[in-house]
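Taken together, the values in this text are just the output of simple stated rules run on the coordinates, not laboratory data. These figures come from a predicted structure and were not determined experimentally. When we count neighbours, we look across all protein chains shown, and the Cβ atoms used for this are built from the backbone with ideal geometry, even at glycine.
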Amino acid sequence: MVSALIRIVSFAALVYLALPLVVLVGASLTTTSFLAFPPQGVTLAWYGKMLGDPSYVSAFLVSTLLAVAATIVAVLLAVPAAIAIARYRFTGRGLLAETLMSPLILPHVVLGAALLQYGSAIGLVRSFPALLVGHVVIIMPFVLRAVLPQLTDEQKSLEEASADLGARPLTTFFLVTLPQIRSGLVSGAIFAFIASWINVELSIFNTTAELTTIPVKLFNYVQYTIDPTIAAVSGLTIIVAALVIVLLDLAIGLDVLSERRR
Amino acid sequence: MSSILAIDGLSKHFGGQPALTAIELAVEQGEFIALLGPSGCGKTTLLRCIAGFLAPEAGTIRLAGEDVTRLPPYRRPLNTVFQNYALFPHMSVAENVGYGPRRQGVAKDETVKRTVEALELVGLAGFGARLPAQLSGGQQQRVALARAIVNRPKLLLLDEPLSALDLKLRKKVQGELKQIQHRLGIAFLFVTHDQEEALTMADRIVLMNRGRIEQIGRGQDIYAQPATRFAADFIGDANLLVVERRGDGSFALLDGAITLPVANAPQGELTGVLRPEDILVTAEPVPGRLALPAVVSEIVHVGSHASVALAISGTTLAARLAPSALAGLSVGRPVLANIRLADLRLVPGDA
Amino acid sequence: MSRTLRPVLLLCALPGAFFVAFFLAPMVVVLIASLTTPAGQPTFAHYVRILADAYHWDVLWVTFRIGALTTLVCILIGYPLAWYLVRIVQWRPWRRFCVILLVVPLFTSNIVRSFGWMVLLGRNGLVNDGLIGLGLIERPMRFLGTELGILIGLVYILLPFIVLAVGNALAKVDPALEHASADLGATPAATFRTIIFPLSLPGLMSGAVMVFMLAVSAYVTPALLSGGRITVFSMLIFQQYSSVFDFNYGGALSITMLVLTLALVAIAGRLSEPRRA
């Protein structure tokens, strides 16, 4: 009885989770000039229209470049910080860890507003670097969170063994530490990339008509017009997300809910 | 009088693989029984069938005469001490111990009273307010015991309860466990893979292998009269000798160095069992024994005794000698291995 | 210099400097701005203006009400779904598919997800068509521009957080504890009430805190689904920074929001702290 109720709620919830994505991808295929679901006929014309529009292409480019650059910087900053936090006991260690993780719970609108205000004071506004620093701040926690649990004490003894065998610290890092944290680094970087790729609340303060990301462009667009091109743009982002997730699943296994012992 | 636990024809498969085959077992009131066997022998599976966590495909389980084979675990009048204790981490020691009585609908003050008694019994009076994580391994083990006996079960199942303790502590707890069992008069069914633990604690040992019971009996009886090759090998040390069946009904061991004129031996493959302490190593023959020429190939001192490896007709036998008997022995020296044919047992099973 | 300090400084210099420059400094600037006039004189006027104005209280009330309702609905749907995925689904490929279905929305922009609901919840959208088709309503219901619409959108975006947090906690409950409970005479319902639920509570609480934080600070979803009819607190902040350009007042709004959410989260954290004897 209870089990039946749980099944019904769960099926309804799964439908609810799939519905908007299915509707958007479906509606992007319609042959009508307005959004229709189920789609009337099937055409890729709206995707063609989107790719023919330089402003969309440039927004996709900006989004991707920004996400790639922010991920690289975030990884380069987060890995040394993670090693310091995991390997050394020093005053302010807890504070450092909490500060670096805090962008996860800080309202992004507040952070975006703060960066805009601060940026206007130091002349870092509405430019690629202005977007970049904000994105690095909010995605660093994803890398840190994925890498920290992999810097275990067991691994520390491997590093000590490496040092004992005469390896310099950097050699030890590249030959011993890095291979051990690779899976955490990969999944953390993917989450970081996505967090940057889909961000609106932070980017919106620093974008312009010429320099804009896909989510911000969509946001500004859907408030005024809704047409199948928007659905095509959305559909593309959904397909990218699904592809990334399938890749992630194949790489590290996303099935975190199957850990039951025995 | 009916047994506390009576198991009849119990069988269980896992994905087509037999895990238990035709288990027959009766446990009497107040008995301390050890389920002994190597890992994967089915002893834990049997315990889980009795507790009700696994459903057997065939056979019955009776507790004090009542058929419980199809009852869910929470309706069976027995309790279990789990391997890693399975203490509820979010409850205090007292809440853990009082959990059983509360589920049975026992009144609050009665629950408190029983909890205090149970904790006193295991020597943890005053620890009630602590959380399991704040206790040592030995203390956690006692809480698990207190929790399992507070309901006054008819039968207590213990799933390798001492395996997480270090050797010294384990010895101490073994004695305490035996005492507590004696005071309560509850039958204990104790799973272990440690033969020494089984020998020290159990009234009877149920020796299991590959999902079957090999032998049931007192430890010393199984040692003295193993029923199978496995029993001989698992309990204590044994020299296992190849047995050749001769045309005239007699048996040859050690390439014919020993001949046994046994007429009514079991059918099939046989193995000769000779305990190391039954071999006397001397320079001269010992009257009343069969003297076999041997060469000392190794001497290992293990404190109270020494283990001597002897090469006899291409086979190596182990003998156990007191330190005083070692005088004049050295590696490479020819000696005589003196055995009594009565000490040599033939059991079913391939050497 | 001590043996620990040198490597720590080497490792932390860049990330530390980056966070000071682009995280702490901006936040301090906002804090200072919120306490000064545009001319740089210290003042509490911005905070007084927020606290004295009934409109702000209304907006705060709406924001936190939506946040609380979102959290509640997420728990009511998310707990059973997590239970279903961890304890009922036996076929691994199906669970894998469900987990992917759960994560895909997380990897899609709030815009796209909310846009999907704009399409679904419109007058002639699929939801109204469905409800009319089932005979539950006669005329199309208005969802866009109502709190219900915002709620549907926010629950959609935040549900995966609860499911993943609770699911993780449920997956970690040692089956031996359930066996022990049954062994001691507890029925399955009693085992759930006394063992499994309490052990999943930390996961539930951390998921709920996450959901609540994100719900009260959400901007995009309410902005799109409110149709301009409902105002939540983050919209006030956004207005000040994007069209009014009053950074001092905007700063005070930001700090107010930050303090309120962090305070509520701290209280929730205190309530769910594991007990100590």
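Helix screen, chain C: DSSP H segments with Cα axial length of 30 Å or more and mean Kyte-Doolittle hydropathy at least 0.0 are C:54-83, C:147-172, C:247-272.
Along the axis of the charge dipole computed for the protein assembly as shown (Cβ charges of +1 for Lys and Arg, -1 for Asp and Glu, origin at the Cα centre), the listed residues C:24, A:29, C:112 are led at the positive end by C:24. Under a model in which nothing but the beta-carbon of Lys, Arg (+1) and Asp, Glu (-1) is charged, chain B shows a dipole of about 1120 debye around its Cα centre.
Distance check, please: which entries in B:43/B:168; B:43/B:113; B:43/C:172; B:108/C:172; B:108/B:154 exceed 28 angstrom between their Cα atoms? B:43/B:113; B:108/C:172, as the Cα separations exceed 28 Å there. Compared with the dominant principal axis of the Cα atoms in chain B, helix B:137-149 is inclined by about 70°. The Rg/Rh ratio of the protein assembly as shown, with Rg taken over Cα atoms and Rh as the Kirkwood radius over Cα pairs, comes to 1.10.
Highest-first packing order for the peptide set C:168-181, A:32-45 is C:168-181, A:32-45, based on the mean count of other beta carbon atoms within 10 Å.
Placing +1 on each Lys and Arg Cβ and -1 on each Asp and Glu Cβ, with no other charges, gives chain A a dipole about its Cα centre of roughly 280 debye. The three principal axes of the C-alpha atoms in chain C carry coordinate ranges of 72, 71, 34 Å, sorted with the longest axis first. For chain B, adding -39500 (n - 2.57) for each run of n ≥ 4 DSSP H residues and dividing by the number of residues yields -7000 deg cm²/dmol at 222 nm. With a 10 Å cut-off around each Cβ of B:73-81, the average count of Cβ atoms from other chains is 4.
Dividing the convex hull volume of the alpha carbon atoms of the stretch C:10-122 by its residue count gives 233 Å³ per residue. Relative to the dominant Cα principal axis of chain A, helix A:54-87 is inclined by about 20°.
Is the C-alpha gyration tensor of the stretch C:212-277 telling us rounded, prolate or oblate? Criteria: a/c under 1.5 is rounded; beyond that, a/b larger than b/c is prolate, otherwise oblate. Verdict is oblate for the stretch C:212-277. Enter the angle in degrees (range 0 to 90, nearest 10) between the Cα long axis of helix A:2-27 and the first principal axis of the Cα atoms of chain A, meaning the one along which they spread out most. Computed tilt is about 70 degrees. For the stretch B:104-218, the Kirkwood hydrodynamic radius comes to 15.5 Å, computed from all pairs of different C-alpha atoms. Convex hull volume per residue, computed on the Cα atoms of the stretch B:237-348, equals 100 Å³. Per residue of peptide C:252-258, the mean number of Cβ atoms on other chains within 10 Å of the residue Cβ is 3.
Calculate the FRET efficiency for residue B:246 and residue B:11 from the Cβ-Cβ distance with a Förster distance of 25 Å, rounded to the nearest 0.05.
Rounded to the nearest 0.05, the efficiency is 0.05.
If the chain linking residue B:116 and residue B:342 were pulled fully straight, counting 0.36 nm for each residue of separation and taking away their Cα-Cα distance, it would gain 75.8 nm.
In whole percents, the pair-distance distribution calculated for the stretch A:85-186 from its alpha-carbon pairs, binned every 5 Å from zero, is 2, 11, 16, 16, 16, 13, 10, 8, 5, 2, 0.
Here the protein assembly as shown is treated with +1 on each Lys and Arg Cβ and -1 on each Asp and Glu Cβ, and its dipole about the Cα centre works out to around 1220 debye. Based on Cα atoms of the stretch A:119-172, Rg over Rh with Rh as the Kirkwood radius reads 1.30.
Note on residue B:167 and residue B:22: the model spin-label points, each 7 Å out from Cα along the C-beta direction, lie 4.1 nm apart.
Compactness of chain A, taken as the C-alpha radius of gyration over 2.2 N^0.38 Å, stands at 1.22. For the stretch A:63-200, the residue among A:180, A:147, A:108 whose Cα projects farthest onto the positive side of the dipole built from Cβ charges is A:108.
Stretched out fully, how many nm does the piece from residue A:170 to residue A:157 gain, at 0.36 nm a residue minus the Cα gap?
Once the chain is fully extended between residue A:170 and residue A:157, it gains 3.1 nm.
FRET efficiency for the residue C:47 to residue A:209 pair, using the beta carbon distance and R₀ = 35 Å, is estimated at 0.50. Separation of the stretch A:131-187 from the stretch B:25-51 is 48 Å, based on Cα centroids. Computed from label points 7 Å out along Cα-Cβ, the spacing between residue B:107 and residue C:54 is 5.9 nm.
Counting only other chain Cβ atoms within 10 Å of each residue's Cβ, the peptide C:169-178 averages 5. Under 19 Å between alpha carbons, and skipping anything fewer than 8 positions from residue A:49 in its own chain: which lysines qualify? Partners found: A:217. Toward the positive end of the charge dipole of the stretch C:56-245, with +1 on the Cβ of Lys and Arg and -1 on the Cβ of Asp and Glu, the farthest Cα among C:94, C:238, C:82 is that of C:94.
Placing one equal scatterer on every Cα of the stretch B:46-190 and applying the Debye formula, the log10 ratio I(q)/I(0) at q = 0.13, 0.20, 0.22 Å⁻¹ is -0.57, -1.28, -1.47.
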